[in-house]
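First comes the structure, then the notes that go with it.
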Amino acid sequence: MATKRKPYIREMNSDWWRKLPYYRFYMLRELTAVPAIWFSILLIYGLSALKQGEASFACFVQFLANPIVLLINVVALMAALLQTTTWFTLAPKVVRLSECCAYRAKIALWGITGLATIILLFLAL
Amino acid sequence: MKTLKMAIARYNPEVDDKPRFEDFHVPYDNQTSLLDALAYIKDALAPDLTYRSSCRMAICGSCGMMADGIPKLACKTFLRDYAGAGKVTLEALGNFPIERDLVVDLTHFLECIEALKPYLIGNTRTPADGANRQTPEQIAKFHQFTHCINCALCYAACPQFGLNPAFAGPGSISLAYRYNLDSRDNGKQERMPMLNGPEGVWNCTFVGVCSEVCPKNVDPAAAIQQCKVESALDFARSVINCQKEKEVR
Amino acid sequence: MISSANKRVDEPVYWALFGAGGMWSAIFAPAAILIVCFLIPLGVIDNTAAYAGMKSFCAGFLGRVFTLCMIALPIWCGMHRIHHCLHDMKVHCLGLKGLCYGLAAILSVVAVFLVCSF
């Protein structure tokens, strides 16, 4: 007898990630990559300006003071903080740790970040 | 008695081209699970409703389905939790082909389990030698991953499995990793090629929803990430070995 | 069906760079963005002092290594994420992978050149 089977395959649309809050947050996490790359390109611009002398560095600083650039950089800072938060939540899972060790690893990572921030600020100011 | 509206995706391969929703009003109290509700519907309203279930106590892993788009075990989910919305939508388990109503075809999942060999390999101990001995530390390494009940909720939650149906998926990789970590096992080299390959761990982007929906807290997302570390080390070893072979020649 | 040919994929290379970049930006990016994008243009750090300070920082060996890592690693992390994000949004075309990682490689080379010639 011929089979009456006719499995129905549900097509996955490209907007699948909009359906659940969890997927939306995942997309937000991944898209922090865009401002991160923006900042790297900004650094390349700044470094070449720094190399060319004081006048072009002043030009770079003027560019940074542009309200639109400042606004983009506010987004970049928030994206960087989100990346730090999510990274330190997920990173301990990659290494096989017990639950309390994973928690301690997360605290330690935040400690390192705090220390690095203080050192960089100390160097800058 | 209070009633809840349940919209159930029905699909009869003999007459339907695609699933269609049918509404049922089901009386419930504080203890009514989705599975109880489905039994009521089958008994009183729609005798042809098709679904899988067995143990009613979240250990057989048969009754996985989508409740409001989230993979759930029907026996472990209660109508009272949907009272606020006044409605619940049930669909067949996501990302798998629908066979009929709430029944899906799990062939891919089962084939992946088989291909990843989740059993002890290369253990020469015979029954005469007695049982294998393991320390509590050796057991603690993999214990969490033994809780998997093969319900495939993680597959329904995983967008990477949805996007690439060839992906071995969270459940089977967790099982493979469970045996890779077992001190009685020597079969890691037989499991690594598939984990390293195009169907293996590198499909995963650590969305992490598999661990959220797992009814047994297996944490398959962690298993896959740790497998990625294993696979990366294996990759590095292969590059070094290849280099050495060239030097020998 | 399970294919019998389990050809090894080259993802570990990109994943390692992604991991290094992710960890680096998680630790250093907030402070770096705060200093470069806010403290300098808003005048908290004096312009001439910033110029002199940056110049001497980039002249030292550690400063060069730090600057290179600060530029290149987040790019590898970011392009890896964008590559996978495009896959998630079902954007597939031939050479997409080459484009993403090629761009990261080009920007890295530019950064290396800048840092070395400083």
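The values are calculated or read from the model by the stated rules, or taken from the named source; none is laboratory data. Values in this document were obtained by computation on a predicted structure and should not be read as measured data. Please note: Cβ atoms are built from the backbone with ideal geometry, for glycine as well, and neighbour counts cover all protein chains shown. With ligands, DNA and RNA removed, areas are computed over all heavy atoms of the protein, side chains included. Shrake-Rupley method; radii C 1.70, N 1.55, O 1.52, S 1.80 Å.
Go through the residues of the range C:39-62 one by one and say whether even a single one is surrounded by fewer than 18 Cβ atoms within 10 Å (Cβ to Cβ) and within 15 Å of A:Phe39 (Cβ to Cβ).
yes
Here's a check for you: in the range C:33-48, which residue that is at the interface with another protein chain (Cβ under 7 Å from one of its Cβ atoms) and either among the aliphatic types (A, V, I, L, M) or touching a strand residue (DSSP E or B) at 6+ places or on another chain (Cβ under 7 Å) (or both) is farthest from C:Ala105 (Cα to Cα)?
This residue is C:Ile45.
Can you name the number of the only condition in (1) open to solvent by 20 Å² or more (accessible area, probe 1.4 Å); (2) touching a Pro at 6+ places or on another chain (Cβ under 6 Å) that B:Ser174 fails?
It is condition (1) that B:Ser174 fails.
With more than 18 Å from C:Ile35 (Cβ to Cβ), exposed (fewer than 14 other Cβ atoms within 10 Å of the Cβ) and within 16 Å of the chain's Cα centre (by Cα) as the only criterion, which of A:Arg24, A:Arg18, A:Arg29 stands out?
A:Arg24
Could you check the range C:49-73 and list, in sequence order, the residues that are touching a Leu at 6+ places or on another chain (Cβ under 9 Å) and either at pLDDT below 95 or at the interface with chain A (Cβ under 7 Å from one of its Cβ atoms) (or both)?
Residues satisfying the conditions are C:Ala50, C:Tyr51, C:Gly53, C:Met54, C:Lys55, C:Phe57, C:Cys58, C:Thr67, C:Met70, C:Ile71.
For the range A:9-17, indicate whether the set of residues that are polar (S, T, N, Q) and more than 9 Å from every other protein chain (Cβ to nearest Cβ) is non-empty.
no
Regarding B:Leu116, is this residue closer than 28 Å to B:Cys75 by Cβ, over 10 Å from the mean Cα position of the chain (by Cα) and in contact (Cβ under 8 Å) with a residue 40 or more places away in the chain?
Answer is yes for this residue.
Confirm whether A:Arg29 is closer than 30 Å to C:Val65 by Cβ, touching a helix residue (DSSP H, G or I) at 6+ places or on another chain (Cβ under 9 Å), part of a helix (DSSP H, G or I) and more than 7 Å from every other protein chain (Cβ to nearest Cβ).
yes
Among the residues of the range C:24-39, write down those that are under 11 Å from the mean Cα position of the chain (by Cα) and closer than 29 Å to B:Phe235 by Cα.
Passing the criteria: C:Trp24, C:Ser25.
Considering only the range B:1-43, state which residues are open to solvent by 70 Å² or more (accessible area, probe 1.4 Å) and among the charged types (D, E, K, R). Before the answer, list the steps.
The initial filter retains those residues of the range B:1-43 that are open to solvent by 70 Å² or more (accessible area, probe 1.4 Å), namely B:1-3, B:14-15, B:17-18, B:20-21, B:23, B:25, B:30-31, B:36, B:40, B:42-43.
The answer is B:Lys2, B:Glu14, B:Asp17, B:Lys18, B:Arg20, B:Asp23, B:Asp36, B:Lys42, B:Asp43.
Give the number of residues within the range A:32-48 that are more than 7 Å from chain C (Cβ to nearest Cβ) and aromatic (Phe, Trp, Tyr).
Count: 2.
What is the one condition in (1) in contact (Cβ under 8 Å) with a residue 40 or more places away in the chain; (2) under 21 Å from B:Phe24 (Cα atoms) that B:Asp68 does not satisfy?
Single failed check for B:Asp68: (1).
Do we have B:Val207 as surrounded by fewer than 22 Cβ atoms within 10 Å (Cβ to Cβ), out of contact with any His (no Cβ under 9 Å at 6 or more places or on another chain) and either assigned to a helix (DSSP H, G or I) or modelled with pLDDT of 95 or more (or both) here? If you could, list the steps in order and put the result at the bottom.
On the way: surrounded by fewer than 22 Cβ atoms within 10 Å (Cβ to Cβ): no; out of contact with any His (no Cβ under 9 Å at 6 or more places or on another chain): yes; either assigned to a helix (DSSP H, G or I) or modelled with pLDDT of 95 or more (or both): yes.
Criteria not met by B:Val207.
Determine which single condition B:Tyr40 fails, assuming it passes every other condition in (1) touching a residue at least 24 places away in the same chain (Cβ under 8 Å); (2) in contact with a Pro (Cβ under 8 Å, 6 or more places away or on another chain); (3) part of a helix (DSSP H, G or I).
So the condition that B:Tyr40 fails would be (1).
State whether one or more residues within the range A:105-115 are more than 7 Å from chain C (Cβ to nearest Cβ), closer than 21 Å to C:Ala50 by Cβ and either touching an Asp or Glu at 6+ places or on another chain (Cβ under 9 Å) or in a helix (DSSP H, G or I) (or both).
Scanning the range A:105-115 turns up no residue that is more than 7 Å from chain C (Cβ to nearest Cβ), closer than 21 Å to C:Ala50 by Cβ and either touching an Asp or Glu at 6+ places or on another chain (Cβ under 9 Å) or in a helix (DSSP H, G or I) (or both).
Enumerate the strands (runs of 3 or more DSSP E) found wholly within the range B:44-158, keeping only those where 2 or more residues are more than 14 Å from chain A (Cβ to nearest Cβ) and surrounded by 16 or more Cβ atoms within 10 Å (Cβ to Cβ).
Where strands (runs of 3 or more DSSP E) fall fully within the range B:44-158 and carry at least 2 residues being more than 14 Å from chain A (Cβ to nearest Cβ) and surrounded by 16 or more Cβ atoms within 10 Å (Cβ to Cβ), they are B:87-92.
Are any residues in the range B:206-248 within 14 Å of chain C (Cβ to nearest Cβ) and of a type in the set (Lys, Arg), and if so, which ones?
Once the filter is applied, which keeps residues that are within 14 Å of chain C (Cβ to nearest Cβ) and of a type in the set (Lys, Arg), the range B:206-248 yields B:Lys228, B:Arg237.
Out of the residues in the range A:84-104 that are under 15 Å from B:Lys228 (Cα atoms) and open to solvent by less than 60 Å² (accessible area, probe 1.4 Å), state the one that is nearest to the other protein chains (Cβ to nearest Cβ).
Restricting to residues being under 15 Å from B:Lys228 (Cα atoms) and open to solvent by less than 60 Å² (accessible area, probe 1.4 Å), the top hit is A:Val94.
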